[in-house]
Amino acid sequence: MNKEVQDYVVEKTKELMAAHSCSQEAKDAARAWLDALGTPKEEEETGKYMAELKEDLVTIDGLIGFAGSEMGGQVFGAEKAKEIKAHAEEIKAAGAKYCDCPACQAVEAILDKMGLL
């Protein structure tokens, strides 16, 4: 990966790690990738990191389904789940393909820059 792409991905990785909506698995993969930069493990950790990001990126339909489910109500609370579902339906109508939480935005930016979307 060239220096410009790497710098961008590092910046977005730090945003991802700081996001309240970032999973622990993504944080761990991000930390491992950052720690591996410039080492013989960089290529291996890049592959693991990209795989984790692809797994964690929530599609807009996935968000709508989850927020509208019983589990979504348990996780977010009934009222917040309704708000999230309505918001997701609104951004889907406007063309969104993915969740727009801070973590998903960072993941989408990284995967897009890496040509993996």
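Under 8 Å between Cβ atoms, which residue pairs at least 6 apart in sequence (or on different chains) link something in region 1-22 that is farther than 16 Å from Met50 by Cα with a partner that is open to solvent by less than 40 Å² (accessible area, probe 1.4 Å) and not in a helix (DSSP H, G or I)? Within 8 Å, the pairs are Ala19/Cys101; Ser21/Cys101.
Contact annotation: residue pairs with Cβ atoms under 9 Å, 6 or more positions apart or on different chains, pairing a residue in region 27-52 that is under 18 Å from Lys3 (Cβ atoms) and touching a residue at least 24 places away in the same chain (Cβ under 8 Å) with a partner that is in a helix (DSSP H, G or I) and of a type in the set (Lys, Arg), are Leu34/Lys14.
Scanning region 85-117 for residues that are more than 17 Å from Ala19 (Cα to Cα) and β-branched (Val, Ile, Thr) yields one hit, Ile91.
Lys113 meets the conditions (1) exposed (fewer than 14 other Cβ atoms within 10 Å of the Cβ); (2) touching a Phe, Trp or Tyr at 6+ places or on another chain (Cβ under 6 Å) in every case but one. The failed one is (1).
The residues of region 88-106 that are over 15 Å from Thr59 (Cβ atoms) and buried (at least 16 other Cβ atoms within 10 Å of the Cβ) amount to a single one, Ala106.
The values are calculated or read from the model by the stated rules, or taken from the named source; none is laboratory data. Remember, predicted model here, so these are calculated numbers, not experimental data. Cβ atoms come from the backbone with ideal geometry, glycine included; neighbour counts cover every protein chain shown. In case anyone asks, the SASA skips ligands and DNA or RNA and just uses the protein heavy atoms, side chains included. Shrake-Rupley method; radii C 1.70, N 1.55, O 1.52, S 1.80 Å.
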